[in-house]
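Below is one structure, written out as structure tokens, with a few remarks after it.
The values are calculated or read from the model by the stated rules, or taken from the named source; none is laboratory data. These numbers were taken from a predicted model, which means no experiment stands behind them. Every residue, glycine among them, receives a Cβ derived from its backbone with ideal geometry; neighbour counts consider all protein chains shown. Heads up: the accessible areas ignore ligands, DNA and RNA and are worked out on the full protein's heavy atoms, side chains in. Shrake-Rupley method; radii C 1.70, N 1.55, O 1.52, S 1.80 Å.
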Amino acid sequence: MRAVPIVTLLALGLLAAMLVGSMVGPYPIPAGDVIGALFARLRGDVYSPHIDTILFQIRLPRVLAAALVGAALAAAGASYQTLFRNPLVSPDILGVSAGAGFGAVLGILLSLPVIAIQGLGFVTGLATVAIVYALARTLRSQNEVLVLVLAGIVVGALAGAGISLVKILADPYNQLPAITFWLLGSLSGIKVDDVWSVAPLVIVGLLPLALLRWRIGVLSLGDDEARALGVNVGFVRGVVIAAATLITAAAVSVSGVVGWIGLMIPHMVRPLVGPRYDRVLPASILMGAAFLVLVDTLARSAARIEIPLGLLTALIGAPLFVWLLARGRRVWS
């Protein structure tokens with residue numbers, strides 16, 4: 001089975017990317033010291049006070065956060081693309097990124113603490129999609145998916161307008177730079193507590209996507225075919241939207257808006273494992289996690305100042321996506 005060795009290689013690639021991310025920084029740590037410190041921590045020992053402080057308080061939490069955010073965005077992108085049967089769909093299709101962004105910049109405007117800014121972004125991201133879903137249910141139509149997407153575009157545009165308004169009202173010397181930097185995406189302020197707060201949300205969101213992977217894959221055949229095969233289309237669609245929204249809102253609340261991962265990563269894995277959702281999902285999770293770990297490592301080491309994640313993912317993702325299109329590989333269907 002071709003997908004099994006590919007997924008295994010992607011898992012090894014993720015471990016290698018996390019090792020590189022743990023090694024690289026203003027204070028380089030050799031691979032042997034990283035592995036030795038990890039085994040010492042498992043035994044309850046102290047490997048080196050200096051190395052342990054850098055690795056476990058600063059670098060490793062950021063690496064883990066990058067892996068969680070990359071996995072969440074890639075999984076949400078693969079799920080939405082399968083649900084809406086559209087390979088150009090990304091995790092913010094229902095306005096979750098714009099909604100979370102509005103909550104976060106509003107928190108910055110109100111000078112709230114970091115944990116409150118993250119919490120407000122998470123709540124407004126979920127609330128945005130709840131409004132979209134309620135609006136789509138109210139405006140009943142024969143094409144439920146189309147109405148849902150259009151409602152997401154409208155509500156997302158309103159959230160984007162709210163973000164612009166907050167930027168106008170913000171202090172141009174203190175708040176506006178913080179808002180702009182957050183909207184471009186960054187993991188520079190990640191702490192251990194942030195990882196512990198976002199990890200359960202991402203895991204809870206990924207579980208139903210994994211457990212229902214066969215039924216979600218059947219949805220790509222169309223609603224009528226899925227019903228004929230015994231799938232409760234409304235229930236499965238609601239679960240996918242809720243789970244993908246949860247993990248996207250959790251990711252955006254700690255990292256800011258990071259684009260291209262949810263759109264690009266599923267396209268990168270389909271030529272490797274095929275179009276089946278039960279194969280695309282685990283491959284996307286692993287590749288998305290490894291990709292963002294490497295991008296974040298580049299962001300904090302390529303220049304004297306940190307480069308925003310959203311800028312790097314766009315610079316890397318846009319040419320790569322064009323290259324994928326130019327290859328002309330027909331793996332969608």
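Among the helices (runs of 4 or more DSSP H) confined to region 169-228, the ones with at least 3 residues that are of a type in the set (Asp, Glu) are located at 223-228. Restricting attention to region 268-277 and to residues that are assigned to a helix (DSSP H, G or I) and open to solvent by 30 Å² or more (accessible area, probe 1.4 Å), the residue that is farthest from residue 186 (Cα to Cα) turns out to be 272. Here are the criteria: (1) touching a residue at least 12 places away in the same chain (Cβ under 8 Å); (2) small (Gly, Ala, Ser); (3) under 30 Å from residue 210 (Cβ atoms); (4) open to solvent by 10 Å² or more (accessible area, probe 1.4 Å). Tell me which single one residue 134 does not satisfy. Of everything listed in (1) touching a residue at least 12 places away in the same chain (Cβ under 8 Å); (2) small (Gly, Ala, Ser); (3) under 30 Å from residue 210 (Cβ atoms); (4) open to solvent by 10 Å² or more (accessible area, probe 1.4 Å), residue 134 misses just condition (1). Cβ separations smaller than 8 Å between residues 6+ apart or across chains give the following pairs from region 117-129 residues that are closer than 13 Å to residue 106 by Cα to residues that are surrounded by fewer than 24 Cβ atoms within 10 Å (Cβ to Cβ) and of a type in the set (Asp, Glu): 118/194. Of everything listed in (1) open to solvent by less than 70 Å² (accessible area, probe 1.4 Å); (2) modelled with pLDDT under 90; (3) touching a Gly at 6+ places or on another chain (Cβ under 7 Å), the single unmet condition for residue 243 is (2).
Among all positions in region 282-293, there is at least one residue which is modelled with pLDDT of 90 or more, over 30 Å from residue 26 (Cβ atoms) and over 12 Å from the mean Cα position of the chain (by Cα).
Within the option set 97, 48, 90, being under 22 Å from residue 120 (Cα atoms), of a type in the set (S, T, N, Q), open to solvent by 10 Å² or more (accessible area, probe 1.4 Å) and touching a helix residue (DSSP H, G or I) at 6+ places or on another chain (Cβ under 8 Å) holds for one residue only, 97.
Scanning region 55-68 for residues that are under 14 Å from residue 188 (Cα atoms) and open to solvent by 20 Å² or more (accessible area, probe 1.4 Å) returns 57, 58, 60, 62, 64. Candidates in region 1-43 are the residues that are open to solvent by 40 Å² or more (accessible area, probe 1.4 Å) and of a type in the set (Ser, Thr, Tyr); of these, the one that is modelled with the highest pLDDT is 8. Sub-7 Å Cβ pairs linking a first residue in region 228-250 that is more than 14 Å from residue 92 (Cα to Cα) to a second residue that is among the aliphatic types (A, V, I, L, M) and open to solvent by 10 Å² or more (accessible area, probe 1.4 Å), at least 6 apart or interchain, are 229/218; 231/218; 236/212; 239/212, ordered by first then second residue. In region 184-220, which residues are closer than 30 Å to residue 106 by Cα and open to solvent by less than 40 Å² (accessible area, probe 1.4 Å)? Result: 185, 186, 187, 190, 194, 195, 198, 199, 202, 205, 206.
Can you list the helices (runs of 4 or more DSSP H) lying wholly within region 19-119 that have 1 or more residues being polar (S, T, N, Q) and over 30 Å from residue 170 (Cα atoms)? It comes to 49-53, 60-83. Consider region 221-240 and keep the residues that are among the hydrophobic types (A, V, I, L, M, F, W, C) and open to solvent by less than 20 Å² (accessible area, probe 1.4 Å). The one that is nearest to residue 78 (Cα to Cα) is 240.
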